[in-house]
């Protein structure tokens, strides 16, 4: 019976890993393709602008795309006769045509991915490398879904040109340049934007959210500057967790010294992410010490910093350690003895139940 249970648990873990890997990336890049992406310098922009009455001049769209890509160091060409490293296609429509169900996971779950149910004005960004489409798609949409009604409100004579005009304005703020830089692994360009004092906070937040996809080993020095920032601290810590074991000392310091609950919780989560990916046991001591100290004075809900403790418990379950078993078992008793029906306590109980199963597998099998 015990052998059967162990086999079942192993199968579930394997299926979970395969499932997560299956949706993590649309297309697997070979080392050669990664090298080609990282060496992209010259971009051929190909724009198609369509209204309900047919094709219209896409030059305004092309001009904006060129203006926004150039500051990142890209050279722009507009015809296939000129040599280029990649073809960037931008298709802008007055009414987006439904193209079928999108794949789940990966880019399909991002806010800027093509929306299957959107039929209003939209610009779709895709690229081709050596003639191959790698499934990267980003969509910029107007804030109105009905171009005819919007044109009437704006006293515009025709809905088609008005929709294309509004899409052009949307592309002035839609940050496709940093999305492309992240997709192509151009971390240097992203770091330069992070260091630039003229870069807006909104753009820095976008870059930090994309850095985990880049998985750059050179990110650590840049991220150090942002981890204590009130607005950028949390996304910087999330990005920092992708740099691997070398980030453990810095995340540990943040976790132990920072007084902001949200920042400490993000640092605890980051340590857990590193532990789950690297198996580095150095993530456990600071988290375990926090749990042990918390248990000493945990009598009511008022004694619990829920955001921090919940992340600590989740993270302890991502790297099994025998020393975690007694305090996790004690926490399991306390969270059910304390009367609290709040969402925060519910989340802590869920984290505790899951972590007990991870760290005390022998107890579960028996």
Quiz item: Is there a residue being closer than 17 Å to residue 262 by Cα and crowded, with 17+ Cβ neighbours inside 10 Å anywhere in the range 330-346?
Solution: yes
Quiz item: Can you tell me which of 88, 50 is more than 29 Å from the chain's Cα centre (by Cα) and at pLDDT 95 or above?
Solution: 50
Exercise. Say whether the condition of being closer than 22 Å to residue 267 by Cβ, part of a helix (DSSP H, G or I) and out of contact with any helix residue (DSSP H, G or I) (no Cβ under 8 Å at 6 or more places or on another chain) is met by at least one residue in the range 330-352.
Key: yes
Quiz item: Out of curiosity, is residue 350 without any contact (Cβ under 8 Å) to a residue 40 or more places away in the chain and within 29 Å of the chain's Cα centre (by Cα)?
Solution: yes
Quiz item: Got at least one residue in the range 316-324 being surrounded by fewer than 22 Cβ atoms within 10 Å (Cβ to Cβ) and over 28 Å from residue 244 (Cβ atoms)?
Solution: no
Quiz item: Can you name the condition, by its number, that residue 105 falls short on among (1) over 15 Å from residue 138 (Cβ atoms); (2) at pLDDT below 90; (3) crowded, with 17+ Cβ neighbours inside 10 Å?
Solution: (3)
Exercise. Select from the range 147-183 the residues that are farther than 20 Å from residue 55 by Cα, in a helix (DSSP H, G or I) and within 26 Å of the chain's Cα centre (by Cα) and list them in ascending order.
Key: 176, 177, 178, 179, 180, 181, 182, 183
Quiz item: Is there any pair with a first residue in the range 293-306 that is not assigned by TED's automatic domain parsing to the domain that holds residue 342 and a second that is outside any helix (DSSP H, G or I) and modelled with pLDDT under 95 whose Cβ atoms are under 8 Å apart and which are 6 or more apart or on different chains, and what are they?
Solution: none
Quiz item: Within the range 178-192, how many residues are in contact (Cβ under 8 Å) with a residue 60 or more places away in the chain and surrounded by fewer than 21 Cβ atoms within 10 Å (Cβ to Cβ)?
Solution: 4
Quiz item: Of all residues in the range 121-136, which are assigned to a loop (DSSP other than H, G, I, E, B) and modelled with pLDDT of 95 or more?
Solution: 121
Practice problem: Could you please find all residues in the range 184-199 being outside any helix (DSSP H, G or I) and in contact with a helix residue (DSSP H, G or I) (Cβ under 8 Å, 6 or more places away or on another chain)? | Solution: 184, 185, 186, 199
Quiz item: Out of all the residues in the range 302-324, which are part of a helix (DSSP H, G or I) and under 32 Å from the mean Cα position of the chain (by Cα)?
Solution: 306, 307, 308, 309, 310, 311, 312, 313, 314, 315, 316, 324
Quiz prompt | Candidates 45, 64, 76 - the one that is under 25 Å from residue 213 (Cβ atoms), in a helix (DSSP H, G or I) and over 25 Å from the mean Cα position of the chain (by Cα) | solution = 64
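The values are calculated or read from the model by the stated rules, or taken from the named source; none is laboratory data. As the structure is a prediction and not an experimental result, all values here were calculated from the model. Neighbour counts run over all protein chains shown; Cβ positions are idealised from the backbone, glycine included.
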